[in-house]
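Taking it in order: structure first as structure tokens, then the write-up.
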Amino acid sequence: MPPIAKKHLKLYLYHADQCHPKKCTGKKLARFDLINLYKNVNRIPAGSILLDPMAEKAISPADNITKGITVLDCSWQKVEEIFPLLQKKRMQHRALPFLVAANPVNFGRPFRLTSGEAFAAALYILGYKEQAEELLSKFKWGKTFFDLNKQLLEEYSSARDSSEIIKIQEEYI
């Protein structure tokens, strides 16, 4: 009997209009109706997992994902203005573990993922592999992201919790 497909997770993107419109993975995913794009931080639903590179915990299969995943698409300077606003929303802040970018701008660079790659990585780690692949299928380089990171993504997705994710990352680095 084939495995039952998981429902899609809700994906939210705060977009600050600070990137090149033709290179913006978030806007492209919104055009395909694969994510919900917001230009006002206050409209982002409370309780979701916020991918935050400075979070103390790594995203893991143990996380409560019922409210979805949120990514911020803005400059680092803007992040410091936005994070305090999101604190009021009681979001779960989680960092992505070590992964390598496949996008043309940052190809091969660790931790330099586009919004699309960040969503796909989080989805894969949380067990939503089909949704992750669907997202990155919209980009010529999407399959390359999975090829570059396949072993790590598989290991991360089989981890029990954040501490195991960190151990896997430390062993790899």
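Data table
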quantity	calculated
Filter pass, S158 being modelled with pLDDT of 90 or more, over 24 Å from E171 (Cα atoms) and of a type in the set (G, A, S)	no
Cβ-Cβ under 6 Å pairs, at least 6 apart or on other chains, segment 26-40 side within 17 Å of E133 (Cα to Cα), far side among the hydroxyl-bearing types (S, T, Y)	G26/S115
Among the candidates E117, E133, residue that is over 11 Å from the mean Cα position of the chain (by Cα), modelled with pLDDT of 90 or more, under 18 Å from E155 (Cα atoms) and in a helix (DSSP H, G or I)	E133
Failed condition for N103, given (1) touching a strand residue (DSSP E or B) at 6+ places or on another chain (Cβ under 9 Å); (2) in contact (Cβ under 8 Å) with a residue 40 or more places away in the chain	(1)
Selection count, segment 51-67, where residues are touching a helix residue (DSSP H, G or I) at 6+ places or on another chain (Cβ under 9 Å) and within 7 Å of R94 (Cβ to Cβ)	6
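The values are calculated or read from the model by the stated rules, or taken from the named source; none is laboratory data. Because the structure is predicted, anything quoted here is derived from the model rather than measured. Reconstructed Cβ throughout: ideal geometry from the backbone, glycine too, with neighbour counts over all protein chains shown.
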